[in-house]
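First comes the structure, then the notes that go with it.
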Amino acid sequence: MPRHRSAALKLFFLIGRIVLVAALAVYLLILGHIYVNQQNMLYEKVTTVTAPKVDGVPDIEDIRLKTPDGETLRAWYLPPEEGKPLILFFGGQGSGIHDQSDRYIRMHREGVGFLALSYRGYAGSTGTPSEAGLFTDAATAYDWLAAQGYGPERIVLHGHSLGSGVATWLATQRPARALILEAPFTAASDVGQERYPLLPVSFLMKDKYLSRDRIKDVHIPVLIAHGDRDTVIPFHHGVRLYDLANQPKIFARYESSDHSTLVRDGLYERSIWPFLGLK
């Protein structure tokens, strides 16, 4: 082989190795960034603190709950009318108790009570969010309701998005009337893996929220509602979770609905109230 061709090949392979090493370094930097910042990516901590004022919904109480591990949680509470259920509501990763007015209005009109929880690290609550921490928060909220005299037959667990993972876990730990999962995931780690298919997200994630593994241990009626145009948690997550759930169960498909439009599109009127036997 001519000397100039041999030199060119050596240069070619040298450049290839340099590019490969540089690409590997960038890949590892991306992995490191995701690993270090994963909590900030998963928990979009809402810090807005407002008084519990919702037009048409009087007498919402702004309460504080003490967790067993020493945190103080803020929650909004409205007692139900006599004989009506109360919804223990867990919101999504970037939502706060102050921006659920449309839900509160619908529940109040139906005479249904609610306890809406601000997770640790979110508006008005102390601490730092984590999967174990949010589970402790959920159990604390449930136990507070039980201490107020609410029996399991009156408590409905309802989780939206990230809150679906919290509500599913709680349904395996405490008795309740029913479980409502709105735009749920099979697991938070599954959503992350789908968004970043070239990265080992499932391996890196600490807080996986494995609802797909826990739903088999839920033995109360389950309602799963999902929009088929969900741009945050794909529709197939809700379908898969429904397939894994025990009977009795209902799946409500909302055509053309996105991740946070189900309430606007009739979630309570079309699905939740009939599911709870209120319509």
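The values are calculated or read from the model by the stated rules, or taken from the named source; none is laboratory data. Fair warning: this is a prediction, and the values are worked out from it, not measured in the lab. Because the Cβ atoms are built from the backbone with ideal geometry, glycine has one as well, and the counts that use them run over all protein chains shown. Ligands, DNA and RNA are excluded from the accessible area calculation, which covers all protein heavy atoms including side chains. Shrake-Rupley method; radii C 1.70, N 1.55, O 1.52, S 1.80 Å.
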**Message:** Rg over Rh of the stretch 165-214, using C-alpha atoms and the Kirkwood radius, what does it come to?
**Reply:** 1.06
**Message:** Keeping every protein chain present and rolling a 1.4 Å probe, give me the accessible area per residue for the stretch 232-279 in Å².
**Reply:** 51 Å²
**Item:** Degrees, to the nearest 10: 3-42 long Cα axis against longest axis of the chain
**Value:** 10 degrees
**Normalised alpha carbon radius of gyration of the stretch 148-256 [divisor 2.2 N^0.38 Å]** = 1.07
**Request:** Could you grab the Rg to Rh ratio for the chain? Cα atoms only, Kirkwood for Rh.
**Result:** 1.13
**Potential extension, ILE18-SER256 segment - 0.36 nm per residue separation minus Cα distance** = 80.9 nm
**Message:** So if I take the alpha carbon set of the stretch 121-161, get Rg, then get Rh from the Kirkwood formula, what is the Rg over Rh ratio?
**Reply:** 1.02
**Item:** Rounded to 10°, Cα long-axis angle of helix 235-244 versus longest principal axis of the chain
**Value:** 70 degrees
**Request:** Could you look at the chain and say what percent of its accessible area is carbon and sulfur, using a 1.4 Å probe and all protein chains?
**Result:** 57 percent
**Complete:** the stretch 54-202: Kirkwood hydrodynamic radius (Cα pairs, Å) comes out at 15.7 Å
**Message:** From the Cα trace of the stretch 213-279, what convex hull volume per residue do you get, rounded to a whole Å³?
**Reply:** 78 Å³
**Calculated FRET value between GLN148 and ASN246, using beta carbons and R₀ = 22 Å, to 0.05** = 0.15
**Item:** Nitroxide proxy distance, nm - points 7 Å out along Cα→Cβ at THR231 and ILE63
**Value:** 3.7 nm
**Asked** Cα axis of helix 162-171 to longest principal axis of the chain: angle in degrees, 0 to 90, nearest 10?
**Response** 60 degrees
